[in-house]
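K.L.:
A single structure is presented below for examination.
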Amino acid sequence: MSETGDRYHLGTSDEELARLGFQHQVWAEVTQRLWAQAGFGPGQTLLDLGCGPGYATLELSRLVGLTGQVHAVDSASRYTAYLDSRLQTEGAHNVSVHLADVQDLPLDDAAVDGAFARWLLCFVKDPKRVCDEVARVLRPGGVFVVWDYFNYRAVGVFPEREAIRKLFDGYYRSAVAHGGSYDIAQELPGMLIRSGFEIDRLEPINRVGRPGSLSWAWVSGFNEVYLPKLVEGGLMTAAEADDFRAAWAEAEADPATIFFSPPMLGIVARKA
């Protein structure tokens, strides 16, 4: 999940750690479907890129079983320490945690059977380099599962309210300001092909939810953690943040409200 050091721009606070756990639960079904399409299973060696606190890592550990191995890589030291602690508590001995940059993987060539990256490449400054690195560490025929934002500006709460639209625009501008892109999935198929992959599957990922749904709770949790950061970063004023909170409460109380999530793309790519 992180970019360089502990400067993952969504932060490594207790609130963000909890939000990531809830987010993993909300999107678990889609995640597991992509893993099944990639053929991830017992006995394999898998790589969890930008593992964050390791919610997906722990599932992959159970998936590969005692005869398999998972390498978890992240450059946020708080998250790798948290994952190490979880592994000790749960007695998972088939996971190796690496505090490292995903653009320079600490693994040998042809060392893994599969790799997974969810909401990672939208944050890194050189996503093509990550694709090259994954191609390097995958064995021939190995599979890379990538999931990221495709057209973030299509996100919305409808009927539209200007104060809510400003917030989503602020999120988009924040990603750009940190050297990333919330439209990165538009470019990923081409990047992967240039890195030596063949595209096995492209799966559109999107949700529509109403107040009270898991999708609504997912975006509400994101707002709670990240809205203050937009104000701190000068991308929204305190007055605009107050306007957003009032508009959000109004939308939440309106039975006609729907939330349309950012369109995303799931990719299953195979090393030639």
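None of the figures in this text is laboratory data; all of them are computed from the coordinates on show. Values in this document were obtained by computation on a predicted structure and should not be read as measured data. FYI the Cβ positions are ideal-geometry reconstructions off the backbone, even for glycines, and counts take in every protein chain you see.
K.L.:
For the stretch 211-251, which residues satisfy the criterion of being among the small types (Gly, Ala, Ser) and closer than 20 Å to Glu160 by Cα?
P.N.:
Passing the criteria: Gly212, Ser213, Ser215, Ala217, Ser220, Gly221, Ala239, Ala241, Ala246, Ala247, Ala249, Ala251.
K.L.:
Just give me the residues in the stretch 245-272 being over 22 Å from Cys122 (Cβ atoms) and either buried (at least 18 other Cβ atoms within 10 Å of the Cβ) or among the β-branched types (Val, Ile, Thr) (or both), in sequence order.
P.N.:
Correct list: Ala247, Trp248, Ala251, Thr257, Ile258, Arg270, Lys271.
K.L.:
Taking the stretch 168-188 as the search range and keeping residues that are outside any loop (DSSP other than H, G, I, E, B) and charged (D, E, K, R), which one is farthest from Val208 (Cα to Cα)?
P.N.:
Arg173
K.L.:
Applying the selection to the stretch 69-99, what residues are surrounded by fewer than 21 Cβ atoms within 10 Å (Cβ to Cβ) and of a type in the set (Phe, Trp, Tyr)?
P.N.:
Across the stretch 69-99, the qualifying residue is only Tyr82.
K.L.:
Return the pair list, or none, for Cβ contacts closer than 7 Å from residues in the stretch 190-211 that are in a helix (DSSP H, G or I) to residues that are crowded, with 18+ Cβ neighbours inside 10 Å and among the small types (Gly, Ala, Ser), at least 6 apart or on different chains.
P.N.:
Note: pairs meeting the criteria are Leu192/Ala269.
K.L.:
Another question, then. Being of a type in the set (Asp, Glu) and in contact with a strand residue (DSSP E or B) (Cβ under 9 Å, 6 or more places away or on another chain) narrows it down to one of Asp254, Asp169, Asp200, so name that one.
P.N.:
Of Asp254, Asp169, Asp200, the one residue that is of a type in the set (Asp, Glu) and in contact with a strand residue (DSSP E or B) (Cβ under 9 Å, 6 or more places away or on another chain) is Asp200.
K.L.:
With the requirement that a residue be touching a residue at least 12 places away in the same chain (Cβ under 8 Å) and not in a loop (DSSP other than H, G, I, E, B), what does the stretch 229-244 give you?
P.N.:
Lys229, Leu230, Glu240, Ala241, Asp243, Phe244
K.L.:
With respect to Phe144, is the statement that it is within 19 Å of Gly39 (Cα to Cα), of a type outside the set (A, V, I, L, M) and buried (at least 19 other Cβ atoms within 10 Å of the Cβ) true?
P.N.:
When the stated conditions are applied, Phe144 passes them.
K.L.:
Sticking with this one: When you scan the stretch 193-213, how many residues do you find that are of a type in the set (A, V, I, L, M, F, W, C) and farther than 16 Å from Gly156 by Cα?
P.N.:
The total comes to 4.
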